[in-house]
Amino acid sequence: MDSFTAITIAVFLPFVLAGILPAVEKVLKDKIGWYASAVALLSLLLIAQAAPEVIHGETIQKSIQWLPSLGINFSFYIDGLSVMFGFIVSGIGVIIMSYSNGYMSKKEDLPRYYQQLLFFMGSMLGMVFSANMIQLFIFWELTSITSFMLIGYWRNRPMSVYGATKSLLITAAGGLFMLAGFLVLNAITGTFDIPTIMNNESIRELLHGHELFLITLILIFIGAASKSAQGPFYIWLPNAMEAPTPVSAFLHSATMVKAGIYLIARIHPIFSGTDAWFIMVSGVGIFTMLLAGFLAFRQTDIKGILAYSTISQLAYLMTMYGYTTHHEPGIGVAAATFHLLNHATFKACLFLVAGIVAHETATRDITKMGGLRKEMPITFIIASIGALSMAGIPPLNGFLSKEMFYEASVEMGHLLGGPYSILIPALAVLGGVFTFAYSIKLIDGIFLGKRPSKGLPDHIHDPSMVMLAPAIFLVFLIILFGVVPSIPVHNFIEPTVSGILLEEAHLHVKLWHGITPPFIMTIVTFAVGILTYTKYGKIAEWQNRFNARFPWISVNYYYDATVENAKDVTSKFSNRMQPGPIKTYITALLLLVIILFTVPAVLLAPTLIPSDLNFDIPAYEVIIYLFMIIAALGAAVLRKYLPAVIALSGLGYLVGLLFIYLQAPDLALTQVLVETLATIIFLLAIARIPQKFREHIPSKTLARDILISVAVSSVIFIMLINATQGIIPPFESVSHYFIEKSLPLAGGHNIVNVILVDFRGYDTLGEIAVISLAGFGVYNLVNSRGEDE
Amino acid sequence: MNNTLLSLTIAILFGIGTFLVLRRDIVRMIIGLGVLSHAVNLLIVSTGAFSGTKAPIITDNGGHGLSEASSSVFADSLSDGIFAPVLEAGHQVDFVDPLVQALVLTAIVISLAMTAFILILAYRIYEEYGTTDIKELRRLRG
């Protein structure tokens, strides 16, 4: 199997196998989670098949034509970056879905849960391998939608619904900005194909010099920032923690929130090397890194701390990808890519621990915990290694990538010169200090210190291996990547970095570099971090006081106000537009029709009543007209249902008769048949509806209704007699086509029949569908009777 | 060639249908819809584009069926952007317009489906609420 086929199957397999998941659930019952992990494992193996070529520095791209006229093809691009993401997504997918077997209660709606997880995984894989921007956008929004469904998994918890709505509003809207950016990019470059732009020097130069360069970058960056919870868009991620914890671990720390980072990495070759890129990406990154790291202090929910820490860690990645100068486009790329991989391991691990702790203690409030190390020794060790890696303690993998972050910051500061050579490294250290403090808080708050006397269950213990094994595997990776960094660096980081920098990359990552500036910065981080940790409670208190005093200094405040206001405005609008009584709607519609007909008629027609009226009509037709009017009047004025219905069916048969004079034999036939059937249905129905209600029409209403009817009547009359007068010059009738082609193309003499079954066969298909739907509707209405009796 | 009296009749049917649809009794509204659908069907048939008088059935067996209607030029190719006949001056068609008849034939059948559905709906409403008065129904539903 070639790589393209393997990747295509890896992307679509989760969708297909998720589709049949409910059927499989009938057989496997509550073991269905293992089926889902097997699907993820299959995708992982398929991606692994494409890996060797990529590790050797090749890139593969293949397309299938989709909308060639618009330049939109179904196209996969397989390079280091996409394969690394593919491994993270499917690998963490296997881990999470196995873990869910222990976490999710058997009473939950498991098929829906696993189905959506698999849909998400497929969308995410599709996104990272997309070479075409439009295709990327579609998968991108699919991940937003599946994320929305999974955050709102517990549908009847108001906070879940709030969190899900918030995430959808922010990420999906951000995606639309990204789409706009792609369209502008397409307008400038003339292609939707990302690798084409990436690999073509002249297109990139054209883009960099273009007046729309900045606006394109801003639009795409809004998409990335909203997805990765950067800048003011961070607010959705803490609320997304309402999802089941495995979902948070999978979507909202390891994969989906990294989609924005992925996009930044993907377009890095196209946009980097400019001032705008550095100011925007690194600027927003540094700001978010400090803000989110700082705000983590006042969180008391374990998952809340992890959410803010995720935002802050994603901001590290943004910052590093943003480091660029004209000569050195990718100073932090290697560091960012390595940290991205490491963050996926230690953060997923910490989320799994949070799930275990919440599962065993039935709370997520860190203030109610403490001293759990004796009761949960294995969990304690796992959590410590995960948190220490995040804090950047050697020899764990977090230490290595943080060193690289500091190194890149020093280099960036040095290249900018002036005050920046101090400022940028200083800000980086400050971010590290916050990270260190809340990482220690996680260990200390949950496992160390004294066990609170009340609020916790009496017997707490380590969970089963189903939940421990995935976390232990991640711990294994954390240590492995830290001690033998050449494994991830050689297999993932180097191919990825070469893909982004468009040149061969060779990295040397070691635990011990000697006493270098980054090492000194690490020492400073630990020292200041310990100092900060001693003041942890005071800082959190200060934040709470500040928040209580200035509630309006918060993005959430404006988000809530906007959403509430929007709800208010729309409900006012719909209450006004839909007051209730059906008569209002009908009257409004009729008035609109009258206006739509009269205004052009008055404006365009020379006279409303044309001169060439034709009263030369055979007497027998006139008699039919008279009877028709009488029948219709009968239907209107006869007070009892039965005579009125008979008058209506009389009208129907007269219409059938008239069709014969109008040279429409098919219509006459149909009309007579249908009218017979309609009369029978009518009689059957009114036989069951006793006529209890008699409307007494007040004279005022009567006058008004007659006025409306007469107005409608006059408008129709004027329209009809003018219809053939050529107010607007007519186009040639398409009927000529049917008349001429009926015999040669369809071999039918009856043109009406040929139109129905040949030329406009789909209309007839639709008509049949309507009939059967109406049949189902009638059947169900009749069947729904008497359920509550 | 228009037919003024037919137009007048259709217009009157429209008026009567409108009046019925504005009533409070659901059954009357359905009867009104019936009248309206007859009026609409007649309206469409009576506005066909041609002034021919023959039913649209090709009677001769000859060749390409072009004897009754000839000399249209078709450029039905999407790339040219034209998908319509181009006619010589003085082109005459003997038939009445077949297209409107085909449209109305579909409409007749669909209006049957609609009538059946809303009749059963009215019947179920009566069963559930014991009335066919719209105003009373609104009151009952609160």
Where a ≥ b ≥ c are the square roots of the eigenvalues of the C-alpha gyration tensor, would you call the range A:735-789 rounded, which needs a/c under 1.5, or, failing that, prolate if a/b is larger than b/c, or oblate? prolate
Tell me the Kirkwood hydrodynamic radius of the protein assembly as shown in angstroms, computed as one over the mean inverse distance between distinct C-alpha pairs. 33.3
Which aspartates and glutamates have a Cα less than 16 Å from the Cα of A:LYS640, not counting those fewer than 8 places away in the same chain? A:GLU695, B:ASP25, B:ASP133
Please report A:ILE582, B:ILE108 as a ranked list, fewest other C-beta atoms within 10 angstrom at the top and most at the bottom. A:ILE582, B:ILE108
Measure nothing but the geometry: give the 0 to 90° angle between the long axis through the Cα atoms of A:133-151 and the longest principal axis through the Cα atoms of chain A, rounded to 10°. 80
When the helix-only estimate is applied to chain A (DSSP H runs of n ≥ 4, each -39,500 (n - 2.57), divided by the residue count), what is the mean residue ellipticity at 222 nm, nearest 500 deg cm²/dmol? -23500 deg cm²/dmol
Expressed in angstrom and rounded, the centroid-to-centroid distance over alpha carbons for the range A:230-296 and the range A:381-433 is 17
Determine which aspartates and glutamates satisfy two conditions relative to A:LYS454: a Cα distance under 16 Å, and not lying fewer than 8 residues away in the same chain. A:GLU360, A:ASP365, A:GLU375
Order by neighbour count: A:LEU291, A:LEU604, fewest other Cβ atoms within 10 Å first, most last. A:LEU604, A:LEU291
Could you tell me the calculated FRET efficiency between A:MET465 and A:LEU507, based on Cβ-Cβ distance and R0 = 56 angstrom, to the nearest 0.05? 0.95
Dipole of chain A, Cα-centred, from +1 at each Lys and Arg C-beta and -1 at each Asp and Glu C-beta, to the nearest 20 debye? 3040
Taking the alpha-carbon centroid of each part, what is the distance from the range A:616-662 to the range A:538-567 in angstrom? 71
Candidate lysines for bridging to A:LYS347, where Cα separation is under 25 Å - those fewer than 8 sequence places away on the same chain excluded: A:LYS166, A:LYS227, A:LYS258, A:LYS303, A:LYS368, A:LYS374, A:LYS402, A:LYS441, A:LYS510, A:LYS535
Using 0.36 nm per residue, how much length does the chain from A:LEU45 to A:ALA601 gain when fully extended, once their Cα-Cα distance is taken away? 193.2 nm
Given charges at Cβ of Lys, Arg, Asp, Glu: the range A:104-262 dipole, positive-most of A:ILE235, A:GLN135, A:THR196: A:ILE235
Total charge dipole magnitude, the range A:192-317, about the Cα centre, Cβ charges on Lys, Arg, Asp, Glu only, Debye to nearest 20: 380
List nothing, just return the count: lysine pairs in the range A:1-126, 8 or more apart or interchain, with Cα separation under 26 Å. 6
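Read-outs: derived from the displayed coordinates by stated rules, not from any lab. This structure is a prediction, so every number in the text was calculated from the model and none was measured. All Cβ positions, glycine included, derive from the backbone under ideal geometry; neighbour counts span all protein chains shown.
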